[in-house]
Amino acid sequence: MTEQSYDVGDIQVLEGLEPVRRRPGMYIGSTGHRGLHHLVYEVVDNSVDEALAGACTRIDVTICKDCSVRVVDNGRGIPVKIMPQYGRPAVEIVMTKLHAGGKFGGGGYKVSGGLHGVGVSVVNALSEWLVVEVCREGRRFRQRYERGEPVTDLEDLGPCGEERGTTIHFRPDPEIFDDLNFNFSTLSQRLREVAFLNRSLRITLVDEREDAWTTGAVADEWDEGDDDRRYDEVEDLVGADSGDGSGPGGESRGPRVVTYCYDGGIIDFVKHINTHKEPIHPNIVYIEGSEEDHTVELAMQWNAGYTDNVFTFANNINTHEGGTHLSGFRSAITRTINDYARSKGFLKEKEENLTGEDVREGLVAILSVKLRNPQFEGQTKTRLGNSEIRGFVESVVAQKFAEFLEEHPSDARQIVNKCVQAARARLAARKARDLTRRKSVLENTTLPGKLADCSIRDPSVCELYLVEGDSAGGSAKQARDRSFQAILPLRGKIINVEKARLTKILSNSEIQAIVAACGTGVGDEFDLSAARYHKIIIMTDADVDGAHIRTLILTFFFRNMPELIDAGYLYIAQPPLYRVNHKRQDYYAFDDAQLEELLNRFGRNGVTVQRFKGLGEMNPEQLWETTMNPDKRTLLQVTVDDAALADEIFTTLMGDKVEPRRDFITENARYVRTLDV
């Protein structure tokens with residue numbers, strides 16, 4: 001092998017925004033769906049920072065017909081004067097240099113989410129073109145960029161009256177991104193969350209594209225009718241919603257518009273999450289406090305469910321992995337409830353204290369902190385690391401939550417009773433969990449023949465198929481590659497975990513089999529490093545019953561083993577719905593659209609079509625070829641981008657209330673391409 005040269009001439013210095021275009025994934029995560037939407041979030045975050053500074057009350061986001069996006073705010077406007085050290089306008093420096101902005105010192109922003117200062121310049125670098133317009137000090141200015149480079153000087157367009165603010169209009173670069181198709185629902189859910197976190201900030205999303213009414217379900221509309229005024233609506237600018245993409249007279253609809261504005265802030269956020277749940281006490285706990293450069297805001301309410309939903313934010317950034325603020329919050333509520341339970345006699349002298357798991361059962365909480373210099377883990381900003389915020393949050397929450405309990409004895413009694421019941425259930429569940437530990441299950445004969453394990457012991461290459469039914473399980477066992485593919489047949493529909501405590505869940509034999517096979521344990525005994533497989537694949541029939549079973553299994557993992565989803569270990573198999581035989585050659589269609597394509601290609605009279613009613617109808621060769629062969633199969637990886645939205649959907653689909661489920665099905669039925677009745 002010839003040694004390559006390595007000298008001065010091989011050293012490259014990437015200037016300006018060139019590093020962003022060379023390695024976009026380092027700045028926005030990916031060049032796929034997630035990265036595309038991240039561009040919008042970066043621009044919106046700058047406008048939100050203006051709102052945090054008390055300078056902005058309105059943000060308008062528009063998806064234009066050419067797949068460009070326009071974000072308009074009524075903030076102070078990016079400064080436009082010449083920066084002496086560069087000889088260029090400040091707005092141009094902000095748009096073309098990394099780590100340039102008003103968030104690294106001085107008095108521009110006391111609190112900000114975009115503290116890395118790469119946001120809008122990265123958007124500029126990854127855009128085919130970008131136009132910035134600033135209304136400031138009575139004048140309107142504009143500048144255009146192409147792939148990060150200015151192609152015009154900053155133009156003074158004349159007076160703008162009292163109007164002020166910044167407009168960023170950009171089109172993502174098709175040379176960078178795989179697909180420029182923004183998803184309306186993805187953006188609307190994110191913008192609604194931002195509106196909840198910023199009381200009275202009005203955020204509007206407009207979709208002007210031709211297919212605006214067929215690119216995802218409309219964000220839900222709700223109105224509690226209580227004292228807090230809120231504005232959360234979907235508007236049709238042409239006429240009433242006829243449900244088929246046209247206006248009342250059959251004409252094309254106008255733009256699709258949704259506006260969010262909440263005077264109740266995070267109190268409304270908690271009400272929204274609990275909309276389809278059953279709160280056990282009427283008064284939402286609301287706490288706020290501040291000192292020097294720190295503020296904390298908390299809203300929480302317990303419901304009759306068995307899972308906790310605590311969402312944390314720092315400077316409006318969703319800290320998915322928690323951090324010091326979450327630790328302070330957990331410590332405060334656990335200590336406060338224990339102290340109250342002891343003082344009022346809910347816990348006897350010999351009884352052990354309630355654990356954090358006990359006090360969080362059924363809890364919905366929104367914790368939002370604002371601080372001057374947040375320390376996030378990397379550009380993804382998923383965990384807060386400021387050590388001083390823990391003590392601050394713990395002190396404020398403990399004091400004011402104790403005051404709430406004393407001032408609302410009826411609410412306090414319901415909350416503490418719920419926690420005590422959870423403790424008793426925990427003790428019972430501990431016994432049930434012992435039955436599901438990997439060693440005891442796999443070494444005894446309680447599940448003979450249930451798990452057909454693989455021969456390789458390296459979890460990183462091993463796969464576990466959770467297969468619907470014994471018949472399909474038999475086919476899968478014959479079809480698999482025994483070296484790395486394990487098969488666990490599941491009989492019937494597992495328990496709906498949305499309606500049961502862990503004690504009852506773990507008494508279900510199918511759940512026991514799943515937990516034992518995975519090897520990680522469950523609940524507070526979960527250990528990701530003990531996972532026996534790094535691919536857990538749900539394989540059910542391509543019909544309504546199969547979809548129901550798949551949803552039940554997904555609900556179990558989401559509620560009880562979410563770490564497997566976070567680690568990227570959970571997948572959904574995609575078995576075909578049809579086999580099309582043409583001239584002794586088999587072709588497979590996964591939905592009606594693909595079937596139609598094959599029929600049009602080969603001619604309807606020259607083919608034989610078989611519709612698979614279930615996995616068991618496929619012989620092992622067909623099952624391997626279409627669904628299990630790593631070289632040809634299609635697997636969908638299960639991810640959770642928005643935990644609050646996922647919780648809402650699982651509660652709607654699997655909860656006790658029928659009406660929300662019916663409404664969800666009615667609203668989304670139009671988007672189903674294949675329906676098996």
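The values are calculated or read from the model by the stated rules, or taken from the named source; none is laboratory data. This one's a predicted model, so the numbers in the text were calculated from it and none came from an experiment. No Cβ is skipped: glycine too gets one built from the backbone with ideal geometry, and neighbour counts run over all protein chains shown. Surface areas here come from the heavy atoms of the whole protein model, side chains and all, with no ligands, DNA or RNA. Shrake-Rupley method; radii C 1.70, N 1.55, O 1.52, S 1.80 Å.
So, of the residues in segment 324-355 that are among the charged types (D, E, K, R) and assigned to a loop (DSSP other than H, G, I, E, B), which turns out to be surrounded by the most Cβ atoms within 10 Å (Cβ to Cβ)?
Within segment 324-355, the match that is surrounded by the most Cβ atoms within 10 Å (Cβ to Cβ) is Lys344.
Being among the aliphatic types (A, V, I, L, M) and at pLDDT below 80 narrows it down to one of Val638, Val658, so name that one.
Unique residue meeting the criteria: Val658.
How many of the residues in segment 499-520 are at positive phi and either part of a helix (DSSP H, G or I) or open to solvent by 20 Å² or more (accessible area, probe 1.4 Å) (or both)?
0
For segment 29-46, state whether one or more residues are part of a loop (DSSP other than H, G, I, E, B) and at pLDDT below 85.
Scanning segment 29-46 turns up at least one residue that is part of a loop (DSSP other than H, G, I, E, B) and at pLDDT below 85.
Would you pick out the residues in segment 526-558 that are over 23 Å from Ala500 (Cβ atoms), among the hydrophobic types (A, V, I, L, M, F, W, C) and assigned to a loop (DSSP other than H, G, I, E, B)?
Of everything in segment 526-558, those that are over 23 Å from Ala500 (Cβ atoms), among the hydrophobic types (A, V, I, L, M, F, W, C) and assigned to a loop (DSSP other than H, G, I, E, B) turn out to be Ala531, Ala542.
Would you kindly identify the helices (runs of 4 or more DSSP H) lying entirely within segment 562-624 that contain at least 2 residues that are touching a strand residue (DSSP E or B) at 6+ places or on another chain (Cβ under 7 Å) and at pLDDT 90 or above?
Those helices (runs of 4 or more DSSP H) span 592-602.
If we keep just the residues of segment 310-323 that are open to solvent by 10 Å² or more (accessible area, probe 1.4 Å) and touching a residue at least 60 places away in the same chain (Cβ under 8 Å), which is nearest to Ile415 (Cα to Cα)?
Phe311
In segment 50-88, what count of residues is obtained for those that are within 22 Å of Glu128 (Cα to Cα) and over 28 Å from the mean Cα position of the chain (by Cα)?
1
Among the residues of segment 276-284, is any in contact with a strand residue (DSSP E or B) (Cβ under 6 Å, 6 or more places away or on another chain), at pLDDT below 95, open to solvent by 40 Å² or more (accessible area, probe 1.4 Å) and in a loop (DSSP other than H, G, I, E, B)?
For segment 276-284, residues in contact with a strand residue (DSSP E or B) (Cβ under 6 Å, 6 or more places away or on another chain), at pLDDT below 95, open to solvent by 40 Å² or more (accessible area, probe 1.4 Å) and in a loop (DSSP other than H, G, I, E, B): present.
Could you pull out the residue among Asn353, Asn338, Asn303, Asn315 that is under 28 Å from the mean Cα position of the chain (by Cα) and more than 26 Å from Glu498 (Cβ to Cβ)?
Of the residues listed, the single one that is under 28 Å from the mean Cα position of the chain (by Cα) and more than 26 Å from Glu498 (Cβ to Cβ) is Asn315.
Considering segment 47-57 alone, what residues qualify as being in a helix (DSSP H, G or I) and not hydrophobic (A, V, I, L, M, F, W, C)?
Answer for segment 47-57, where residues must be in a helix (DSSP H, G or I) and not hydrophobic (A, V, I, L, M, F, W, C): Ser47, Asp49, Glu50.
Tell me, yes or no, whether segment 459-468 has at least one residue that is crowded, with 20+ Cβ neighbours inside 10 Å, modelled with pLDDT of 95 or more, farther than 30 Å from Ala516 by Cα and not acidic (Asp, Glu).
No; the residues of segment 459-468 include none that is crowded, with 20+ Cβ neighbours inside 10 Å, modelled with pLDDT of 95 or more, farther than 30 Å from Ala516 by Cα and not acidic (Asp, Glu).
Could you grab me the full set of residues in segment 489-498 that are farther than 28 Å from Glu278 by Cα and open to solvent by 40 Å² or more (accessible area, probe 1.4 Å)?
Within segment 489-498, Arg491, Gly492 meet the criteria.
Looking only at segment 58-94, filter to residues that are of a type in the set (Lys, Arg) and in a loop (DSSP other than H, G, I, E, B); which one of those is surrounded by the most Cβ atoms within 10 Å (Cβ to Cβ)?
If we take residues in segment 58-94 being of a type in the set (Lys, Arg) and in a loop (DSSP other than H, G, I, E, B), then Arg76 is surrounded by the most Cβ atoms within 10 Å (Cβ to Cβ).
If you scan segment 95-129, which residues turn out to be open to solvent by less than 30 Å² (accessible area, probe 1.4 Å), at pLDDT 75 or above and either among the acidic types (Asp, Glu) or under 28 Å from the mean Cα position of the chain (by Cα) (or both)?
Passing the criteria: Gly119, Val120, Ser121, Val122, Val123, Asn124, Ala125, Leu126, Ser127.
If you take the residues in segment 185-226 that are more than 25 Å from Gly264 (Cα to Cα) and open to solvent by less than 30 Å² (accessible area, probe 1.4 Å), which one is modelled with the highest pLDDT?
Going through the qualifying residues, I end up with Asp207.
Assuming Trp302 fulfils every condition listed in (1) part of a helix (DSSP H, G or I); (2) touching a residue at least 40 places away in the same chain (Cβ under 8 Å); (3) farther than 30 Å from Gly119 by Cβ apart from one, which condition is it?
Exception for Trp302: condition (1).
Taking segment 368-399 only, how many residues are crowded, with 19+ Cβ neighbours inside 10 Å and outside any loop (DSSP other than H, G, I, E, B)?
14
Filter segment 285-308 for residues that are out of contact with any Leu (no Cβ under 7 Å at 6 or more places or on another chain) and open to solvent by less than 30 Å² (accessible area, probe 1.4 Å) and give the result.
Val285, Gly289, Val296, Ala299, Gln301, Asn303, Gly305
Cβ-Cβ distance below 8 Å, separation of 6 or more or different chains: which pairs start in segment 174-198 with a residue that is farther than 30 Å from Val369 by Cβ and end on one that is of a type in the set (Asp, Glu) and surrounded by fewer than 22 Cβ atoms within 10 Å (Cβ to Cβ)?
Once the first residue is farther than 30 Å from Val369 by Cβ and sits in segment 174-198, its partners that are of a type in the set (Asp, Glu) and surrounded by fewer than 22 Cβ atoms within 10 Å (Cβ to Cβ) give Pro174/Glu128; Glu175/Glu128.
If I ask for residues that are within 27 Å of Val20 (Cβ to Cβ) and either open to solvent by less than 20 Å² (accessible area, probe 1.4 Å) or hydroxyl-bearing (Ser, Thr, Tyr) (or both), which ones from segment 158-179 would you list?
Gly165, Thr166, Thr167, Ile168, Phe170, Pro172, Asp173, Phe177
Among the candidates Phe526, Phe556, which residue alone is open to solvent by 30 Å² or more (accessible area, probe 1.4 Å), farther than 30 Å from Arg579 by Cα and aromatic (Phe, Trp, Tyr)?
Phe526
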